[in-house]
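Novice: Structure in structure tokens, see below.
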Amino acid sequence: MTYALPTSALETLDWTWEHFAPLYADLAARPIDGETLDGWLRDWTQVSDLFGETYARLSVATTRDTTDTIAETRFMRMLRKIYPQAMAAEQELRQKLLASSLEPAEFAVPLRKMRAEAELFREDNLPLLAETSRLAKEYNKLIGAQTVSWEGEERTLTQLRPLLQSDDRALRERVWQVSATRQLEDRTAINTIWQQLFELRQRIAAQADKPDYRAYSWQAMRRFDYTADDCLRFHDAIEQLVVPAAERVYARRRQQLGVDTLRPWDLEAPLPGVPALTPFTTVQELEERSEAALRKVDATFGDYFATMRREDLLDLDNRKGKAPGGYCATFEVVKRPFIFMNAVGLADDVRTILHEAGHAFHAFEAAQLAYNQQRDVPMEFAEVASMAMELLAAPYLKHSDGGFYGEEAYVRARIEHLEDMLCFWPYMAVVDGFQHWAYTHTQLATDATQCDRAWDALWQRFMRGQDWSGLDDERVTGWHRKLHLYGYPFYYVEYGLAQLGAVQVWRNALHDQPGAVAAYRSALALGGKRGLPDLFAAAGGRFAFDVETVGEAVELLENTIAELGA
């Protein structure tokens, strides 16, 4: 049978569990065999998509306006009264399929994920998981409310960021210090949220019979193709090969600026006599120029982005009360992605919209897959989709292609992008390393002072070349300003692994742009039907993060930077 369900979860935002319950009950009661399996899976997909889109829309609403009490009430109702029930019902259906011993075509990877989820599932954890989501929203609300008075106007800290690209060093320092002072005002509140989250996560792991939350996360995130020890070896490769390259970037920037040391407020400074990059001044320009560049990469990608513009699936500007960061959500019923970000006119914003567009194109390409479970893409490859798009679109960011920059500004933007990639890996190692430390040192990590010390030790190990002398409080509380630690635990190494994959896609495009884009699209269309090694291979790369692979990527990045004239 096929359910007569709403065509959009916009109609379900005020649904209660009583609306979803009969749908799940019907699926649980129906017998399945070789002949009925396909129809049963398609009906399960319909129901899962409807619940997933409802959850996504309610969550998105809380990030678009963290002061919207109606949106918050709706989302809290979802977390407390619907989400636990739905997860229990989903678990019952997974168990039903696994018990049947039936194996649908092209379902081996989804079945492997289901077995891992079934083994980990504990009904007692559902309210705890809902509570971690609530606390993550509290963190977002706290950060979204951080404003300062600047020249007589209330401004968000994100709105002040363009001033960090001023050629006036004293002004940059003042902006940075004002922002840092405001952030430190929430030190106690963020420490409290962290402690509550940490203790909840430890309880979740214990109830799932795991020795710690790291072991729980590894299974929950279905990391079948690499281990925690592999991550630590990746950190070592970064320390050996990338940290020196990043130090060369910082040294070059220090020399260009003519300063004795590179302070935090110098990291985005323009070169002397050279104005800051201003790729756009309005959100409309950001949308129009992004669409032009994406259409150059692939006509279909341009069409996808135009659809998102036409259907109001973009929320790009920064404003008071908006949650920090950027993301791409997927509305599964209508088969549409949604992009959220906080643009203020920076070159970073251009990379962010291209990054999130890569995620959106992944959703468009995978939407044709029959079953919801086949669209569950491993995050390590989902980030290849986004990071590769930044690089694939890079050649088309000039004014002559309808993009953002004149020739000189384009070269500067390209150099800054590639330098930022080199500098990202060490920072990724700090964030990932902090989580490995915290969830394997549980007696220490409930103490904010110990967390400060652990973050600082990692910072000193990987972030060499920046001068934070006299800024001890600001430096050691860096973990307060990384939202992944609060809302997406252990989700950060994916960016580092994916950047290696993205560099390989880009390497291929340097020799054959159409061929590289075709392979990239084919890989996106696979959704989650394959494991990481196969997905990377389909995109034209290999899933590896050893010294050799890291070294090849660093060499390509540094050589290209040199060719561009840095």
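Novice: Give or take rounding to whole Å, what are the principal axis extents of the alpha carbon atoms in the stretch 505-566, in descending order?
Specialist: So the three principal-axis extents are 42, 28, 13 Å.
Novice: Could you pull out every one of the lysines with an alpha carbon less than 20 Å from that of K529, ignoring same-chain neighbours closer than 8 positions?
Specialist: In chain and number order, the partners are K113, K335.
Novice: With a cut-off of at most 14 other beta carbons within 10 Å, and DSSP calling the residue loop, which GluC sites (Glu not before Pro) in the stretch 1-104 qualify? Please list them.
Specialist: Taking the stretch 1-104 and a limit of 14 other Cβ atoms within 10 Å, the loop GluC sites (Glu not before Pro) found are E35.
Novice: From the helices alone, meaning DSSP H stretches of at least four residues, give me the mean residue ellipticity at 222 nm for the chain, per-run term -39500 (n - 2.57), in deg cm²/dmol to the nearest 500. Could the numbers behind the result be given before it?
Specialist: Details: 25 runs with 353 residues, N = 566.
Mean residue ellipticity at 222 nm (helix-derived): -20000 deg cm²/dmol.
Novice: Explain nothing, just the number: dipole magnitude of the chain about its Cα centre with +1 on each Lys and Arg Cβ and -1 on each Asp and Glu Cβ, in debye rounded to the nearest 20.
Specialist: 480 debye
Novice: Something else now. Quick one: grab Rg to one decimal and Dmax as a whole number for the chain, Cα atoms only, in Å.
Specialist: 23.5, 74
Novice: Identify the chymotrypsin sites (Phe, Trp or Tyr not before Pro) of the stretch 391-477 meeting these criteria: DSSP loop state and at most 16 other C-beta atoms within 10 Å of the C-beta.
Specialist: Filter output for the stretch 391-477: empty list.
Novice: Mind checking the alpha-carbon convex hull of the stretch 9-104 and giving the volume per residue in Å³?
Specialist: Per-residue hull volume (Cα only) is 92 Å³.
Novice: Okay, next question. Which whole-number percentage describes the relative contact order of the chain, with Cα contacts under 8 Å and a sequence gap of 6 or more?
Specialist: Relative CO of the chain lands at 18 percent.
Novice: At 0.36 nm per residue, minus the direct Cα-Cα distance, what do K113 and A99 gain on full extension? Give it in nm, one decimal, please.
Specialist: Numbers: separation 14, 0.36 × 14 = 5.04 nm, distance 1.47 nm.
Difference between extended and current length: 3.6 nm.
Novice: Assuming R0 = 35 Å, can you tell me the calculated FRET efficiency for the pair D467 and Q196, based on Cβ-Cβ distance, to the nearest 0.05? Provide the component values of the computation, followed by the final result.
Specialist: Numbers: r = 35 Å, r/R0 = 0.99.
The pair D467/Q196 has a calculated efficiency of 0.50.
Novice: Tell me, in nm to one decimal, what length is gained between D230 and S400 on full extension, where the rule is 0.36 nm per residue of separation less the Cα-Cα distance?
Specialist: So the chain would gain 56.8 nm between D230 and S400.
Novice: I would also like to ask the following. Output ³J(HN,Hα) for the stretch 330-337: one whole-Hz value per residue in order, computed from phi by the Karplus curve 6.51 cos²θ - 1.76 cosθ + 1.60 with θ = phi - 60°, and x for Gly and Pro.
Specialist: For the stretch 330-337, the Karplus curve yields 10, 9, 5, 5, 8, 6, 9, x Hz.
None of the figures in this text is laboratory data; all of them are computed from the coordinates on show. All values reported here derive from a predicted model rather than from experimental measurement. All Cβ positions, even for glycine, are placed from backbone atoms using ideal geometry, and neighbour counts span all protein chains on display.
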